[in-house]
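Note sheet for the following structure.
The values are calculated or read from the model by the stated rules, or taken from the named source; none is laboratory data. Values in this document were obtained by computation on a predicted structure and should not be read as measured data. Cβ placement follows ideal geometry from the backbone for every residue including glycine, while neighbour counts extend to all protein chains displayed.
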Amino acid sequence: MQILNIIGSPRKNGTSARIAKSFVETSEENGASVKSYYLNGLNYKGCQGCEACHSKLDKCVLKDDAEELLDEMREADVIVFSSPVYYGDTTGQFKSFLDRTWSHVDVNYENENPYTSRIPKGKHAVVILGQGNSEDVHKDLVERFQMFMDIYGLQLHVIRATGLNGQANQDVTAFQEEANMLANELTKELAS
Ligand SMILES: Cc1cc2nc3c(=O)[nH]c(=O)nc-3n(C[C@H](O)[C@H](O)[C@H](O)COP(=O)(O)O)c2cc1C
């Protein structure tokens, strides 16, 4: 089982990155192989809207650090996306990368459902979102992720770490335990 771990917080050891780390470490203990990418340390542009991925190629035409990561997305069995909530959305670093994943969708506007995923079927997405606000705030972000993951054909699992106090090193044990449980479930399911 291959896991792709995409870290969207600029804080490498912040709350969301540590919850993601728990998920991948437990998966590794269960035999998975993991590749982690820290978006804040990569050089890449946001989508240029050139639509070359829908007219010339079946992938993004831009040559930068996101290329390898986009390729890995088609290979991995589980893709872990983690980000803090910044102004009601993911971080700018994460959002710029997410826009590039438009190249994973084939579009034919003449069809009733115009979107076909270029990511092979049967894969999972684990979305880890951390925020200062309580659980009832920013639910719309989860709904939007559900919509995008449906288009990609990825089965979505969400871990929301809410009510955080802003400190990178605060205790997130409860959310790490949730991540460990999910890792055990998914590794078991994918091994069978
Ligand atoms: C620029 C900025 C914007 C933020 N915006 C929000 C927000 O809109 N809603 C919220 O609940 N928390 C917001 N927060 C709090 C972070 O989501 C919270 O501290 C989170 O735990 C940080 O995650 P990290 O440790 O993984 O970096 C914001 C923090 C920063 C630095």
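Within region 7-29, restricting attention to residues that are away from the ligand (no atom under 13 Å from the Cβ) and within 16 Å of Glu72 (Cβ to Cβ), the residue that is surrounded by the most Cβ atoms within 10 Å (Cβ to Cβ) is Ser27. I'd like the full set of residues that are closer than 21 Å to Ser16 by Cβ and either more than 16 Å from the ligand (Cβ to nearest atom) or part of a loop (DSSP other than H, G, I, E, B) (or both), limited to region 78-122. Val78, Ile79, Val85, Tyr87, Gly88, Thr90, Thr91, Leu98, Asp99, Arg100, Thr101 - these are the residues of region 78-122 that are closer than 21 Å to Ser16 by Cβ and either more than 16 Å from the ligand (Cβ to nearest atom) or part of a loop (DSSP other than H, G, I, E, B) (or both). For region 4-50, the set of residues classified as closer than 20 Å to Gln93 by Cα and part of a strand (DSSP E or B) consists of Leu4, Asn5, Ile6, Ile7, Lys35, Ser36, Tyr37, Tyr38, listed by residue number.
Does region 77-96 contain any residue that is at pLDDT 95 or above, in contact with an Asp or Glu (Cβ under 9 Å, 6 or more places away or on another chain), surrounded by fewer than 18 Cβ atoms within 10 Å (Cβ to Cβ) and among the charged types (D, E, K, R)? There is at least one residue in region 77-96 that is at pLDDT 95 or above, in contact with an Asp or Glu (Cβ under 9 Å, 6 or more places away or on another chain), surrounded by fewer than 18 Cβ atoms within 10 Å (Cβ to Cβ) and among the charged types (D, E, K, R).
Does region 155-166 contain at least one residue that is within 16 Å of the ligand (Cβ to nearest atom), within 16 Å of the chain's Cα centre (by Cα), under 19 Å from Glu25 (Cα atoms) and surrounded by 20 or more Cβ atoms within 10 Å (Cβ to Cβ)? Yes - at least one qualifying residue is present in region 155-166. Out of (1) within 30 Å of Gly166 (Cα to Cα); (2) of a type in the set (A, V, I, L, M); (3) away from the ligand (no atom under 16 Å from the Cβ), what's the single condition that is false for Ala32? Exception for Ala32: condition (1).
Hey, does region 49-59 have a residue that's in contact with a Phe, Trp or Tyr (Cβ under 6 Å, 6 or more places away or on another chain) and modelled with pLDDT of 95 or more? Taking every residue of region 49-59 in turn, none turns out to be in contact with a Phe, Trp or Tyr (Cβ under 6 Å, 6 or more places away or on another chain) and modelled with pLDDT of 95 or more.
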